[in-house]
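See below for the structure under consideration.
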Amino acid sequence: MSMGRSRWGAMKNRATSTRESVNLEPRAAYVHLPFCKRRCLYCDFPVVATGSRLNSPEIQDSMKAYVDTVIQEIKASTPLTDQPLQTVFFGGGTPSLIPPKQLDQIISALDKRFGIAAGAEISMEADPGTFDAERLREYMDLGLSRFSIGVQAFQEELLEVCGRSHSLYDVYKALEAVHAAAPPSWSLDLISGLPHLTEDTWHQSLSCALDAEPPHISVYDLQVEDKTPFAKKYTIDVKPLPSSEDGAEMYKAASSVLRSAGYEHYEVSNYARPGHRCKHNEVYWRGDEPYYAFGLGAASYLQSRRFSRPRQMVAYRKWVSQFASSGAGFPGSAADDQGKEDEMLDIVMMRLRTADGLDLRQFGEQFGSGAVRAVNKALEPHEEAALVVRSSEEGKEGKEGKGEGIGAREVVRLADPDGFLVSNDIISDVFAALMPDDGKQQARANLM
């Protein structure tokens, strides 16, 4: 039987809750560094485009002022645990435009306020044309251990269509620099679904990516976001964008080619050699683990409260000033927490997008056996269609047990690649089973 909101209280009371055992201490931090040479035509992130003025006193002063504001926010934030940070992620924008000296100031502020564990994963997004081997080594001297290189395409014409600021020459120089600097780990990022992309050119990109021998590869499907130049110019499923059918074939090709080359397809869009998963992103993908965030438009999740900072620079600076003087401790502290219903849906949505899948025993301990029955009911037709795989504690795959007794460990995961391809539809069905009154609507909103 599926449960609606009116029956949530009864289901919650039946749960054998072990919530205290779940890690609720934030040990990850995201820092947004918004500066980039040019806004890509598909980009919906809060960025500050420098153009050709990157080295001008005006832009350098603007970077310094922004770093000072981020440090002010860090200093005003209350540590919610005595455990140090295990991961730090610098996203953007193009973080590799920030001078190492200024990045060092941010890292030092984080370490002084929260502590950074020895051996912590510290990641940075870096675009071709913004660094050389010496620059990477300077970052590594500050403790950075992982770089995410935004290649996106191995065709000059596709880079131009996207409005990327780098050329194919920059791509190969960047890959040479990464190999020369030899960081502990790094990722190569590609985008599928680009205008004029064909299956042949996609296979060419995959082959070029493998030739670069990255320990990690991210393959993101193009999202045409509202109010971007792409949204004004292109329509989904209409040429020159690839059709849905062609996009599905490209997704399957990536899964087949990369897995055959020894990469683990550990999340819908991410592949890794053994030992090279992105630990920071896995915090997000578990769905219920808290994390700090700092900077323009950054979103944090602390004490079951999600909070997004202003996306405009003037508004962000004003907000930081008010936050620092308020003594609030952490952003959103005065707001209501998101509630166990939303937490349950977050866990379903995020974990079914990973190869680790959804642990039904743990899910039942948190939300009750009724929630497990609802999940099983929703997944049953997809399991029969071989889109969902069920594994028992002994590692045997099958349909036995259904994880409802909470005693046995049983994990459900989406089949690769066919289940991953329709993950939104499957997750939407699970939402509807858990929250039949509005589950479908909520699922679609969350998966947009």
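Values in this text are rule-based calculations from the coordinates and carry no lab data. No experiment lies behind these values; they were computed from the predicted model shown. Neighbour counts are summed over all protein chains in view; Cβ atoms, including those assigned to glycine, are modelled from backbone coordinates with ideal geometry.
Set Lys and Arg Cβ to +1 and Asp and Glu Cβ to -1, take the dipole of segment 176-278 about its Cα centre, and tell me which of SER205, ALA261, SER187 lies farthest positive.
Going by the charge dipole, the pick is SER187.
With +1 on each Lys and Arg Cβ and -1 on each Asp and Glu Cβ, and nothing else charged, work out how big the dipole of segment 28-285 is about its Cα centre, in Debye to the nearest 20. Each step should come with its number before you reach the end.
Values: 23 positive and 35 negative charges, 122 e Å.
For segment 28-285, the charge dipole is close to 580 debye.
Any idea what the dipole of the chain comes to, in debye rounded to 20, about its Cα centre with Lys/Arg Cβ at +1 and Asp/Glu Cβ at -1?
Details: 50 positive and 63 negative charges, 279 e Å.
It comes to approximately 1340 debye.
Please label the shape of segment 28-285 as rounded, prolate or oblate, based on the square roots a ≥ b ≥ c of the eigenvalues of the alpha-carbon gyration tensor (a/c under 1.5 means rounded; beyond that, a/b larger than b/c means prolate, else oblate). Can you show the working numbers first?
On the way: a/c = 1.74, a/b = 1.40, b/c = 1.24.
Prolate.
List the Cys residues of the chain that have no partner Cys with a C-beta closer than 4.7 Å.
CYS36, CYS162, CYS208, CYS278
Set Lys and Arg Cβ to +1 and Asp and Glu Cβ to -1, take the dipole of the chain about its Cα centre, and tell me which of PHE114, GLY129, GLY247 lies farthest positive.
Result: PHE114, furthest along the dipole toward the positive end.
Tell me the mean residue ellipticity at 222 nm calculated for the chain from its helices only (DSSP H runs of n ≥ 4, each -39500 (n - 2.57), averaged over every residue, nearest 500). Intermediate results must be reported in sequence, preceding the final value.
Details: 17 runs with 190 residues, N = 448.
The per-residue figure over the chain is -13000 deg cm²/dmol.
When the expected Rg is taken as 2.2 N^0.38 Å, what fraction or multiple of it is the alpha-carbon Rg of the chain? Walk me through the intermediate numbers first.
Working: Rg = 22.3 Å, N = 448, 2.2 N^0.38 = 22.4 Å.
Cα Rg divided by the expected 2.2 N^0.38 Å: 1.00.
So what is the relative contact order of segment 28-285, in percent, for Cα pairs below 8 Å that sit 6 or more residues apart? Write out the running numbers ahead of the final one.
Details: 420 pairs, mean separation 46.2, N = 258.
About 18 percent, as a whole number.
At what distance in nm do the modelled label points of HIS196 and SER423 sit from each other, each positioned 7 Å from its Cα along Cα→Cβ?
That separation, rounded to one decimal, is 3.0 nm.
Could you list the residues of segment 337-377 with an amide nitrogen less than 12 Å from a label point located 7 Å from the Cα of ARG409 in the Cα-to-C-beta direction?
Within reach of a label on ARG409, which here means backbone N under 12 Å from a point 7 Å along Cα→Cβ, segment 337-377 contributes 359-362.
With point charges of +1 on the Cβ of Lys and Arg and -1 on the Cβ of Asp and Glu, referenced to the Cα centre of segment 226-368, which listed residue (THR235, LEU296, ILE347) lies farthest in the positive direction of the dipole?
So the residue furthest toward the plus end is LEU296.
How do THR228, THR354, THR94 line up, fewest other C-beta atoms within 10 Å first? Display every interim value, and only then the final one.
Details: THR228 18, THR354 22, THR94 27.
So the ranking, lowest neighbour count to highest, is THR228, THR354, THR94.
What dipole magnitude, in Debye to the nearest 20, does segment 278-342 give about its Cα centre under +1 on Lys/Arg Cβ and -1 on Asp/Glu Cβ?
Values: 9 positive and 7 negative charges, 83 e Å.
The calculation lands at about 400 debye.
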